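The values are calculated or read from the model by the stated rules, or taken from the named source; none is laboratory data. All values reported here derive from a predicted model rather than from experimental measurement. Heads up, the Cβs are rebuilt from the backbone with ideal geometry, glycines too, and the neighbour counts pull from every protein chain shown. Protein only, heavy atoms only, side chains kept; ligands, DNA and RNA dropped before computing areas. Shrake-Rupley method; radii C 1.70, N 1.55, O 1.52, S 1.80 Å.
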Amino acid sequence: MPVDPRSAGFTLIELLVALALFALISLAGIRLVETLIGVQTRTAGRADRLAEIQRGLYLAGADFEQLTGGPDRSGDRITLTRASRDGEYQVSYMLEEQGLHRIVNGNDRLLIGHVRAVRWRFLKDGAWTEQPITPDRRDRAAGVELIIDLAPGSGGVGGEARRVFELPASP
């Protein structure tokens with residue numbers, strides 16, 4: 001049976017409908033990919049921020065676990081002496097330029113960025129106090145609480161982080 005040459009192929013309307021459907025499907029696909037990339041970027045930012053906070057709290061914990069002298073408070077600065085393989089050295093923590101800084105032998109390093117406020121409390125005889133038991137007293141505090149008010153950083157992680165460090169017995 002012969003085919004009529006006028007009925008072979010697609011009409012202009014069929015091609016336009018097919019192109020319109022293809023454009024809609026492509027647009028939906030592009031929006032989906034953009035959404036996934038945005039979610040991945042936000043998730044990576046949150047993970048980086050949480051890792052920064054965890055590293056900072058871990059390092060502070062290591063300093064307080066190796067405490068040999070202090071902690072002592074001078075305004076907003078907390079100073080302690082800690083042990084290491086090479087002897088003892090001084091470590092200070094302070095809020096400066098919207099970040100919690102760790103200062104070791106004069107070397108200042110930003111520990112946690114985007115910090116609005118830092119509070120320190122000290123546990124002595126079952127009660128929390130804002131003032132530490134100074135290094136020259138034999139009955140030093142049993143624990144230190146660090147409370148950090150975090151401003152939302154690049155990952156959007158904000159709020160309050162709290163960590164309690166148990167101090168070793170007096171040397």
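If the chain linking I147 and V17 were pulled fully straight, counting 0.36 nm for each residue of separation and taking away their Cα-Cα distance, it would gain 40.6 nm. Across the options T35, V91, L146, the greatest Cα extent toward the positive end of the charge dipole of the chain (unit charges at beta carbon of Lys, Arg, Asp, Glu) belongs to L146.
Probe of 1.4 angstrom, ligands and nucleic acids ignored: what's the accessible area per residue over the chain, in square angstrom? I get 67 Å² per residue for the chain.
Under the convention that each Lys and Arg Cβ holds +1 and each Asp and Glu Cβ holds -1, the size of the dipole of the range 35-101 around its Cα centre is about 320 debye. Exposed loop sites here are GluC sites (Glu not before Pro) in DSSP loop states with at most 15 other C-beta atoms within 10 Å. What is the longest stretch of the chain lacking them? Longest run free of exposed loop sites: 1-96. In units of the compact-protein estimate 2.2 N^0.38 Å, the chain shows a Cα radius of gyration of 1.92. With R₀ set to 25 Å, the beta-carbon distance separating L50 from V104 gives a calculated FRET efficiency near 0.55. Treat each spin label as a single point 7 Å out from the Cα along the C-beta direction, and report the R162 to E96 distance in nm. About 2.9 nm separates the two model spin labels.
Evaluate E = 1/(1 + (r/R0)^6) for D86 and R42, where r is the Cβ-Cβ distance and R0 equals 41 Å; express this FRET efficiency to the nearest 0.05.
Working: r = 42 Å, r/R0 = 1.03.
In this case the efficiency is close to 0.45.
How far is helix 12-65 tilted off the main Cα axis of the chain, in degrees rounded to 10, range 0 to 90? In the chain, helix 12-65 runs at an angle near 10 degrees to the longest axis. Rounded to the nearest whole Hz, the Karplus-based 3J(HN,Hα) values (6.51 cos²θ - 1.76 cosθ + 1.60, θ = phi - 60°) of the range 144-150 follow the sequence 10, 10, 10, 10, 10, 8, 8, with x at glycine and proline. With helices as the sole contributors, the chain gives -12000 deg cm²/dmol at 222 nm; each DSSP H run of n ≥ 4 counts as -39500 (n - 2.57), and the sum is divided by every residue. The fraction of accessible area contributed by carbon and sulfur in the chain is 56 percent, rounded to a whole number (1.4 Å probe; ligands and nucleic acids excluded).
Is there a quick way to get the dipole size of the chain? I mean about its Cα centre, with the Cβ of Lys and Arg at +1 and of Asp and Glu at -1; what is the value in debye to the nearest 20? Approximately 120 debye in magnitude.
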